[in-house]
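A short write-up of the structure that comes next.
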Amino acid sequence: MRARSALFDVYGAYLRRRGGAATIAALVRLLAPLDFGAPAIRTAVSRMVRQGWLAPRRLPDGPGYALTERAERRLEEAGTRIYRLGTSTWDGRWHVVALPELPARTARDRLTSSLRLLGYGPLGPATWVAPRPSAGLADVLAAESVTARVFHGPLEGDDADLAATAWDLTELGAEYAAFVAAWSAELSAVDAADPPSAFAACQRLLHAWRKFLFRDPGLPAELLPAPWPGAEAAEFFDTKTALLSPAAAQFVDGCLTNGRKSA
C-alpha cells in the first residue's frame with residue numbers, strides 16, 4: 001500500500017462522512033498504524049493537490065486539506081461499487097466507449113486505469129464496454145483531453161461471450177477465492193476490539209478488496225460462471241468490515257479530535 005492509496009481509502013471510508021477534510025497532523029496520526037511517516041504523507045498530499053483530488057482548506061485545528069468535487073464524485077462511485085450500494089439489475093444493454101484516436105502512452109495508461117476503475121473492460125485498444133453507464137466517464141475523458149463516441153444498446157449476439165471477451169472471469173473467480181483464503185488467515189490474529197489494530201486491519205482489507213474494482217465490473221448473475229466466488233468474497237468482506245468498524249471508527253474519531261484536545 002502506498003501513502004496516496006492509503007489517503008484515498010481513509011478519505012473515502014471515513015473522512016468523506018466527517019466533513020471531507022483533515023489537517024496534516026490528523027492524517028499523520030491516522031496513518032501511523034499503517035507505518036507511514038509524516039514525510040511520505042506530506043508528499044502524497046502534495047501530489048493529490050496537484051492532481052486535483054485535494055484542495056487546501058483552513059480548519060479549526062489549522063491548515064488542512066479537503067476533497068475536491070471531482071474527488072467526491074470519484075469516491076462516491078467507488079464507494080457504491082465497493083459496498084454494492086446501487087442496483088445490481090441489468091437492462092440488457094451495454095455502454096460502449098469508442099476512441100477515434102488513442103492518446104500518448106502515459107495518458108493512455110492513466111485512461112486505461114481510470115476506465116477499469118469505472119467498470120469498463122476492453123474489447124480492443126480503442127473500444128471499451130460496461131454493463132451500465134458511469135457517471136464518472138465524462139470526468140475521466142476530460143482529464144486526459146480525450147473525445148469518444150459513446151453508445152448504449154443491446155448486443156446482437158451472445159452477451160456472456162462478450163463479457164468473457166472483455167474480462168477474464170475464470171482468473172477473476174480464482175482471485176476472489178484466494179482473497180478469502182488469505183484474509184481469513186490474516187484477520188485471525190487481529191484484535192478487533194483494539195482501535196489502532198482494527199483500523200489498520202480494516203484499511204488493509206479495504207485496500208486489498210478495492211483492487212477488485214479494477215477487475216470486476218459488476219456483471220449481472222446471468223453472465224457469470226456458477227457458482228460465482230465473488231459472491232462469497234463479498235459476504236466475507238462485509239462481515240469482516242462490520243466486525244472491525246466500531247473500533248476502527250473509534251480510532252478515527254480520536255485522531256480527528258486529538259488536535260482540538262491538545263489546543
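The values are calculated or read from the model by the stated rules, or taken from the named source; none is laboratory data. None of these values were measured; they are calculated from a predicted model. Ideal geometry is used to build each Cβ from the backbone, glycine not excepted, and the neighbour counts take in all protein chains shown. Each accessible area value is taken on the protein alone, full model and side chains, heavy atoms only, with ligands, DNA and RNA left out. Shrake-Rupley method; radii C 1.70, N 1.55, O 1.52, S 1.80 Å.
Might you check whether a residue that is more than 30 Å from P33 (Cα to Cα), among the β-branched types (V, I, T) and assigned to a helix (DSSP H, G or I) occurs anywhere in the stretch 100-107? There is at least one residue in the stretch 100-107 that is more than 30 Å from P33 (Cα to Cα), among the β-branched types (V, I, T) and assigned to a helix (DSSP H, G or I). State all residues of the stretch 230-240 that are open to solvent by 20 Å² or more (accessible area, probe 1.4 Å), touching a residue at least 12 places away in the same chain (Cβ under 8 Å) and within 25 Å of L34 (Cβ to Cβ); if no residue qualifies, say none. Result: F236, D238, K240. Do we find a residue being open to solvent by less than 80 Å² (accessible area, probe 1.4 Å), part of a helix (DSSP H, G or I) and of a type in the set (K, R) anywhere in the stretch 63-79? Looking through the stretch 63-79, at least one residue is open to solvent by less than 80 Å² (accessible area, probe 1.4 Å), part of a helix (DSSP H, G or I) and of a type in the set (K, R). Does A200 satisfy the condition of being more than 29 Å from R132 (Cα to Cα) and either touching a strand residue (DSSP E or B) at 6+ places or on another chain (Cβ under 8 Å) or in a helix (DSSP H, G or I) (or both)? Against the criterion (more than 29 Å from R132 (Cα to Cα) and either touching a strand residue (DSSP E or B) at 6+ places or on another chain (Cβ under 8 Å) or in a helix (DSSP H, G or I) (or both)), A200 qualifies.
Give L172, L205, L187 a once-over and let me know the one that is hydrophobic (A, V, I, L, M, F, W, C), at negative phi, at pLDDT 90 or above and more than 18 Å from the chain's Cα centre (by Cα). After applying the criteria, what remains is L187. Looking only at residues of the stretch 1-25 that are surrounded by fewer than 17 Cβ atoms within 10 Å (Cβ to Cβ) and aliphatic (A, V, I, L, M), we find that the one that is farthest from L67 (Cα to Cα) is M1.
Residues of the stretch 179-204 that are in contact with a Phe, Trp or Tyr (Cβ under 6 Å, 6 or more places away or on another chain) and open to solvent by less than 50 Å² (accessible area, probe 1.4 Å): V180, P195, F199. Those strands (runs of 3 or more DSSP E) of the stretch 117-178 in which at least 3 residues are without any contact (Cβ under 8 Å) to a residue 60 or more places away in the chain and open to solvent by less than 50 Å² (accessible area, probe 1.4 Å), considering only elements entirely within it, cover 127-130.
Screening the stretch 26-54 for residues that are farther than 24 Å from R74 by Cα and part of a helix (DSSP H, G or I) and picking the one that is most open to solvent (accessible area, probe 1.4 Å) gives P39. Here S188 clears all of (1) under 17 Å from L99 (Cα atoms); (2) among the hydroxyl-bearing types (S, T, Y); (3) without any contact (Cβ under 8 Å) to a residue 24 or more places away in the chain except the condition numbered (1). If you filter the stretch 206-229 down to residues that are in contact with a Leu (Cβ under 7 Å, 6 or more places away or on another chain) and not in a loop (DSSP other than H, G, I, E, B), you find that the one that is surrounded by the fewest Cβ atoms within 10 Å (Cβ to Cβ) is F214.
If you go through the stretch 84-95 and pick out every residue that is modelled with pLDDT of 70 or more and open to solvent by 40 Å² or more (accessible area, probe 1.4 Å), you end up with 5. Answer yes if at least one residue in the stretch 116-135 is in contact with an Asp or Glu (Cβ under 8 Å, 6 or more places away or on another chain), modelled with pLDDT under 90 and farther than 21 Å from A160 by Cα, and no otherwise. Looking through the stretch 116-135, at least one residue is in contact with an Asp or Glu (Cβ under 8 Å, 6 or more places away or on another chain), modelled with pLDDT under 90 and farther than 21 Å from A160 by Cα. Just give me the residues in the stretch 96-115 being surrounded by 14 or more Cβ atoms within 10 Å (Cβ to Cβ), farther than 20 Å from A160 by Cα and of a type outside the set (K, R), in sequence order. Listed by number, the residues that qualify are A98, L99, P103, A107, L111, T112, S114, L115.
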